[in-house]
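What follows draws every value from the coordinates through simple rules; no lab data is involved. Note that the structure is predicted; figures quoted are calculated from it, not measured. Glycine gets a Cβ as well: all are built from the backbone with ideal geometry, and neighbour counts include every protein chain shown.
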Amino acid sequence: MDIRNSRLFIVALAIVLASPLGIPALGRANAAAQVGPSGLPLPRFVSLKPGRVNLRVGPGRDYAVTWLFLKSGLPVEIVQEYDNWRRIRDSEGTEGWVYQSLLSGKRTAMTAPWQRDKNGAMLNVYRSPDDTASVVAKVQPGVLGSLKTCNGSYCRVVFSGASGWIRQSDIWGAYPDEKFDN
């Protein structure tokens, strides 16, 4: 076996080994094509249903609780499934297992959590999905809202007291270029 064939074999083996683990081997496009045991795509965004959710080390009540979420409606990403348990990731990268009934298919978003430490940072909410549209509100990073639709560039979000369109790149709760209607 020459060196070119062995490199090709190693790359192919890495792709095959990464796929069953739910690790996106070739980026978001291939990750979206994965389907979990539930028949739904992996990864995908959902939200926390109750205001108190235990995050566990493993998929079962016998596993230790490592974190406690205290906010209903928080957007989380399901990255793996096992029986009735879902491995989730929050906007800060914290991962763990929760029971499926504690999750909702309702899409929510958090405005730019990665900008929370920037004093005075504000994000524009527009009347229509266009940077030249009038600004109907300004929101701080870390604000939760309900997602209504995304067109791949902008998402229509309803916040308490305001609604409008925000750049898709300014929220956590929708993938880049993702399109959907609720």
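Distance between the pseudo-spin-label points of residue 92 and residue 181 (7 Å out from Cα toward the beta carbon): 3.8 nm. Potential lengthening of the chain between residue 162 and residue 40 amounts to 40.8 nm, from the contour at 0.36 nm per residue minus the alpha-carbon distance. Residue separation of residue 118 and residue 106 scaled by 0.36 nm, minus their Cα-Cα distance, works out to 1.4 nm of gained length. Cross-link partners for residue 71 among the lysines, with Cα-Cα distance under 17 Å and sequence neighbours closer than 8 places in the same chain left out: 49, 106.
Restricting the range 31-90 to trypsin sites (Lys or Arg not before Pro) that sit in a DSSP loop and have at most 14 other Cβ atoms within 10 Å of their own Cβ leaves 52, 61, 71. Taking a straight line from the alpha carbon of residue 138, these aspartates and glutamates sit under 14 Å away, with near neighbours fewer than eight places off in the same chain left out: 170.
Between the listed residues 152, 142, 124, the Cα displaced farthest toward the positive end of the dipole of the range 114-160, a dipole computed from Cβ unit charges relative to the Cα centre, is found at 142. With a Förster radius of 35 Å applied to the beta-carbon distance between residue 57 and residue 131, the computed FRET efficiency rounds to 0.20.
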